[in-house]
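Below: the structure, in structure tokens.
A short reminder: the numbers here are calculations on the coordinates, not readings from a lab. Please read all numbers here as calculations on a predicted model, not as lab measurements. Ideal geometry is used to build each Cβ from the backbone, glycine not excepted, and the neighbour counts take in all protein chains shown.
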Amino acid sequence: MNKYDAVVIGAGNGGLVAAIRLLQGGAKTLLVEKHNLPGGFATSFKRGRFEFEASLHELNDFGTKDNAGDVRTLFDSLGVTDKIEWLQIPEAYRVIVKSENLDATMPFGVKEFIDQMEHYVPGSRKSMEKFFALAKEIHAAQAYTNSVNGKADSKVMLEKYSNFVRVGSYSVNEVLQSIGMPQKARDIFNAYWCYLGAHCDDLSFIHYASMVYRYITKGAAMPKSRSHEISLAMVERIRELGGDVWFNTEAVKILTDSKDGGVSGVVLSDGRQIETRHVIANCAPHLVFGKMMDKVPEVEIRATNARKFAGRGWSMFLGLNKSADELGIENHNYFIYDTSDTVKQYKLMEKIATNEGQATVCLNRAYPECSPEGTTIMYFTTLYMSDDWGNVKPQDYFKVKNDVARRMIERFERDTGAKLMGNIEEISVATPMTYARYCGHPQGDIYGYESQYWDGLTPRLQMMAEDHRIRGLRFAGGYAMRLSGYSSAYFSGDISGRQTVGDIKKEG
Amino acid sequence: MAYRFKRQIFGFMDLLRFKKMTAIRREKLASAPATPLPTTYRVNETARILHPGTQPATLTKVTLNTADTKTYTFKLSRPMFFRAGQYVAVRAKVGDSLVARPYAISSSPLTALNQSLVSVTVKKAGFFSNWLFDNAKEGDVMEIGDPSGEFYYESIKDSTNIVAIAGGSGITPFYSMAQALKEGSEDYHLTLIYGCKTEADIIFHKELDALVSDKFKVVYVLSDEKKEGYEHGFMNKELIKRYAPDNATVMLCGSNGMYKFVDGELKELGYNMLAVKHEPNCVGVRDVQDKTYKIKVTIRDKDYTVKANANETILVAMERAGLSVPSKCRAGGCGFCHSKLVKGKFSLAGADKRRLADAKFGYIHPCCSYPDSDMELIVPEG
């Protein structure tokens, strides 16, 4: 029982999907997870009368049965869609930049989105139509690339998807400017940027456009019993397929073969060795190459040193003892910024002292029955774009954490007019320390490696084959080729899982 | 920063730029320094102090507090910091069993941070506490878990005036809180109403008196003894009203019987009961007909069969059999013992505190579940 075809380290979103793919491909698979629950950040927790979603704001690219997004299609083929009860998110977002008098609520649906934008910014219609036409082509190009497993024929690309190639190297801001989107429309349009964690001078247009396109055309979904339901459904599926899942089991070392430097096994924290030639690591290359492997090729050290940590997570969960109506919370999904200049906002998000930007959700506005009648669940999230929490000393930690919580609540109240203070029955706050503890990510990073210009989605996908340098070692999750976020992590597990099945078959 | 090429969106240059993206990334990855990668990070190091995980700890001091209560002070392997009011699980091998219990920390947060010392104060009242009282000695090595629980002052929602109502050995979290106020690791006003049978039963009597300040007051209530300088009888609404500041947040630590009585009094005084905090008590035995079931327990790739008494929780059955299984709060709430029920029937002790999806996919918390049939479980390593 100490020998497996493949070991998946970490039962986060990427690891869970990778394990299912391995099993579907006939590989004898062990999934080890150091925590006592699956999902990584995809989980939930209870406080008093409330069950809080730990991280999922809305699942992108899921769609409905009749208008399925890629995530639903993936879940269908994994065999988990029907194990989960889904609900639809009612609207795209409300973005508020009080200092600029910007307050816009945007719907799902291309026509609705364009109409609403025209309402807020007369004269924006043409540029919005241009955007959606472009985004449609990008989406089609990505579907083509996926269908040929990343080995796109450049002739086909140029003939059928030439605009994908043409805009492919530009940032969000560069392309939106060039298609003539009015400034105010861009300010509203760019609101989703914090979901990708890089500012719009840096962020690849293709990456952003494909995300927005998926949101607006497919809507967004959410499991009723929180993301914990997805994670448990995946574990259920793994066990149905004959896979082993061990919780409270930390992998501390990946052993390598002295002949080819490839994977030969995994060592668990109690010293036990598992023999395997294939590992899918659902964790940061910084951890794998920094402390889990003894002989790391210099090329991996250099490549890992080149990467930049993305946003470090901070979240607050409130259980309120009044209804959303009584509290004055109108919407499901808020983006609250100090400035619509994403470069400036990014800068403000580097420091604890200046960061009040937030993506805040009122779950009851999507799912009124998520908490007892007359109560409300909210969760607030922000990112820190530097290691500022590393400056917080343990003895100051609780105070800093609560100060930030208070500022975030007051900011939400000030910018929306809602009244939360005095109505808080339960509160829980997660900081980069919390994320570091639960998932072991360096600095409490929850977004993997930043989508910097040179390290964005397109070059990562194009270089997938050459980034795979150690035999038997592949990555899944937020640090991998699809970057971070729920859907991306699921896709990375799908890709690495299927590739590893291929590796195993090649070995015979 | 973005690479600036000659700008030409939607022209021939754009194609060249696109082609160059991989070359640029290749160059970036190859030209970064070969300096060793960090093995840890500041945030992760702080996280290890806040959440050190289960660690071996050496018992360095055992102090007799009252006739039936002792304080056990442990030297941790690494420093810890916590919110005064939290508990730790203490685990030790007792005979063939591996037994753990959650105990409120009775020492201060800064003592744990600066000296790696943590104390728990335990009254002789059951299997493990009796064993500790009679057997634990300096030099013994046991395991101490993460500081846990939400039984502490939460500045966002609580009043800065806390009224703590303690019964007997329920004093422990409040003694930690009083020390925390003194050392400055916590900041609020604490009024402690502490009920005991007799003066001799008061734990930390001198210590509490010495901590009295503008931030900390203590009122002793004796139920079974008349003595000058003390309040007498029950901790009833008159008494609470006399000492509790207006709009205070109330925290209770004591027996379930005490909770029932004091909750009734608080309700009559008009307190919002959802804001009153109770330190949860461990799930005990249930009163049913004696019956023994068989439970097949799978931990990683090993199967065990353990005997389970109908009147004891599934967790106790596994511990009795010497299995190393996870447990923390032992009151159903923390979910640390989260296990998959493959087959069998069970009853819950008290309210169902599981997550919604747990019930759906057949997960249980063995610490608050009693067996009603033979069972099969998949349990994480503890």
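Structural remarks
- Helix A:205-218 axis versus longest C-alpha principal axis of chain A: approximately 70°, rounded to the nearest ten.
- Cα-centred dipole magnitude for the protein assembly as shown, charges only on beta-carbon of K, R (+1) and D, E (-1), debye, nearest 20: 2080 debye
- In chain B, helices alone account for a calculated mean residue ellipticity at 222 nm of -7500 deg cm²/dmol, with every DSSP H run of four or more residues adding -39,500 (n - 2.57).
- Across all C-alpha atoms in chain B, the radius of gyration and Dmax reach 26.3, 97 Å.
- Computed from the Cβ-Cβ distance with R0 of 30 Å, the FRET efficiency linking B:Asn135 to B:Lys75 stands at 0.95.
- Computed over segment B:17-101, Cα set: Rg, Dmax in Å: 24.5, 82
- Listed by Cβ neighbour count within 10 Å, with the fewest neighbours leading, A:Glu91, B:Glu138 appear as B:Glu138, A:Glu91.
- Theoretical gain in end-to-end length, A:Arg49 to A:Glu466 [0.36 nm per residue, Cα-Cα removed]: 145.1 nm
- A simple spin-label model places the labels of B:Val285 and B:Lys345 2.3 nm from each other, with each point 7 Å out along Cα-to-Cβ.
- Taking the square roots of 5 times each eigenvalue of the Cα gyration tensor of segment B:281-382, largest first, gives ellipsoid semi-axes of 17, 17, 13 Å.
- Whole-number percent relative contact order across segment B:319-382, with pairs defined as alpha carbons under 8 Å at least 6 apart: 46 percent
- Against chain A, whose longest principal axis is taken from its Cα atoms, helix A:486-507 shows a tilt of about 20°.
- Residue order, fewest to most beta carbons within 10 Å, for A:Tyr438, A:Tyr337, B:Tyr370: A:Tyr438, B:Tyr370, A:Tyr337
- Sites counted here are trypsin sites (Lys or Arg not before Pro) in a DSSP loop (not H, G, I, E or B) having no more than 11 other Cβ atoms within 10 Å; the longest part of chain B that contains none of them is B:228-382.
- Relative contact order [Cα under 8 Å, 6+ residues apart], segment A:377-508, whole percent: 15 percent
- Residue by residue along A:387-400, Cβ atoms of other protein chains within 10 Å of the local Cβ number 5 on average.
- Against the rule of thumb 2.2 N^0.38 Å, how large the Cα Rg of segment A:399-495 comes out: 1.50
- Take the Kirkwood radius over Cα pairs of segment B:150-267, plug it into Stokes-Einstein at 25 °C and 0.890 mPa s, and you get 172 µm²/s for translational diffusion.
- Compactness of segment A:365-410 as Cα Rg over 2.2 N^0.38 Å, two decimals: 1.62
- For the protein assembly as shown: span of alpha carbons on each principal axis (Å, largest first): 97, 63, 50
- Choice from B:Ala275, B:Ala57, B:Ala30 with maximal GNM fluctuation in chain B (Cα, 10 Å cutoff): B:Ala30
- Debye, to nearest 20: dipole size of segment B:178-259, +1 on Lys, Arg Cβ, -1 on Asp, Glu Cβ: 200 debye
- Histogram of C-alpha separations across segment A:108-217, 5 Å bin width, %: 2, 12, 23, 24, 20, 11, 6, 2, 0
- Along its first, second and third principal axes, ordered by size, segment A:43-114 spans 47, 40, 15 Å in Cα coordinates.
- Computed log10 I(q)/I(0) for segment B:116-203 at 0.11, 0.20, 0.22 Å⁻¹: -0.41, -1.15, -1.25, from the Debye equation with unit scatterers placed on every C-alpha and solvent omitted.
- With Cα atoms, 0 to 90° folded angle of helix A:125-147 axis to chain A main axis: 10 degrees
- Per DSSP, loop trypsin sites (Lys or Arg not before Pro) in segment A:86-182 with at most 12 further Cβ within 10 Å: A:Lys151
- Using the Cβ-Cβ distance between A:Arg239 and B:Leu16 with R0 = 41 Å, the FRET efficiency computed as 1/(1 + (r/R0)^6) comes to roughly 0.20.
- Label-point separation, A:Ser77 to A:Glu350 (7 Å along Cα→Cβ), nm: 4.2 nm
- Using the Cβ-Cβ distance between B:Ser223 and A:Val299 with R0 = 51 Å, the FRET efficiency computed as 1/(1 + (r/R0)^6) comes to roughly 0.10.
- The mean sequence separation of alpha-carbon pairs under 8 Å and at least six residues apart, normalised by the residue count of chain A, gives a relative contact order of 24 percent.
- Estimated D of segment A:227-379 in µm² per second, where Rh is the Kirkwood radius over Cα pairs and Stokes-Einstein applies at 25 °C, 0.890 mPa s: 121 µm²/s
- Rough spin-label spacing in nm, given labels placed 7 Å along Cα→Cβ, for A:Glu159 and A:Lys98: 5.7 nm
- Viscosity 0.692 mPa s, temperature 37 °C, Stokes-Einstein D of segment B:46-144 from Kirkwood C-alpha radius, µm²/s: 244 µm²/s
- Taking θ as phi - 60° and the Karplus parameters 6.51, -1.76 and 1.60, the scalar couplings of segment A:379-386 work out to 9, 10, 9, 9, 10, 10, 8, 8 Hz in sequence order, x denoting glycine and proline.
- More than 32 Å apart - percent of Cα-Cα pairs taken over chain A: 40 percent
- Segment A:Lys151..A:Asp201, full-extension length gain: 15.2 nm, with 0.36 nm per residue of separation and the alpha-carbon distance subtracted.
- Each distinct pair of alpha carbons in segment A:311-439 adds a 1/r term; the inverse of their mean, the Kirkwood radius, is 15.2 Å.
- Each other residue within a Cβ distance under 15 Å of B:Tyr293 adds +1 if Lys or Arg and -1 if Asp or Glu, for a net charge of +3.
- Residue by residue along B:349-357, Cβ atoms of other protein chains within 10 Å of the local Cβ number 5 on average.
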